[in-house]
Structure formats: C-alpha cells, structure tokens
Amino acid sequence: MSSVSYIRVKVKYIPQIFRSVTKTEEEELVIEEDSTLANLLMKISCIHKGLSNWLITDNGKLNENILVIVNKRVEWDFSKRLKDGDEVILTIPFDGG
C-alpha cells in the first residue's frame, strides 16, 4: 500500500479583484507532492469558484493571460512541479501608459 505525501504551498493574491473573491491576501494550500502548477491552479479555481473565470478559459484550458510568479520568478510553464514551501503569486499583467 503506497501512502500519498503532501506539500504546503503559499499562494498570494495581488489584485484587489482576486482578494475580493478569496477574502484573503494569501493562504497556504496543501497539495499532493508531485503536483504541478496546473494542478494548483485547478485546485484554486475549485476552492474559489469566482476565480474560475480568471484562471480557466471557456474551453477548459488554463488562462495564459494570468501572471503566475513562483518563488519571485515569472512562470509560464504550467507543468512545473511544485515543492514544499514554494510561494506562488497570482496577478494580472498591468499595462501602463
């Protein structure tokens, strides 16, 4: 019998619109050890239904217009495996002018 191991990941929500849905600036989520960034984003969209429109496109794919930062580095590869203690920031790109 194999046992499942878990890791803890800190998730921060930057724009106010995300915080209004999650009711928090940050939270710690427990996920399975071999989880990818995509797994985490899907879990977040299930926990916070109001973020689904931001995180998931109409055809069920992850929204590439969301800006995801893992351990202070922008991450475009949603297949990246997460490690215990990783910090993930969800935000949207801002355009100045």
Meets criteria (free of Cβ contacts under 8 Å to residues at least 24 places away in the same chain and crowded, with 16+ Cβ neighbours inside 10 Å) for residue 35: no
Filter result (more than 23 Å from residue 6 (Cβ to Cβ) and aliphatic (A, V, I, L, M)) within segment 48-97: 56, 66, 67, 74, 92
Close pairs from segment 39-62: first touching a residue at least 12 places away in the same chain (Cβ under 8 Å) and farther than 19 Å from residue 93 by Cα, partner polar (S, T, N, Q) and surrounded by 12 or more Cβ atoms within 10 Å (Cβ to Cβ), Cβ under 6 Å, at least 6 apart: 48/22
Candidates 31, 17, 7, 44 - the one that is more than 11 Å from the chain's Cα centre (by Cα), among the aliphatic types (A, V, I, L, M) and assigned to a helix (DSSP H, G or I): 17
Selection status of residue 29, under 13 Å from residue 86 (Cβ atoms) and either of a type outside the set (A, V, I, L, M) or touching a strand residue (DSSP E or B) at 6+ places or on another chain (Cβ under 7 Å) (or both): yes
Count - residues of segment 65-97 that are of a type outside the set (Lys, Arg) and more than 10 Å from the chain's Cα centre (by Cα): 17
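Values in this text are rule-based calculations from the coordinates and carry no lab data. From a predicted model like this one, the values you see are computed outputs, not experimental measurements. Note: ideal-geometry Cβ built from the backbone for every residue, glycine included; neighbour counts use all protein chains shown.
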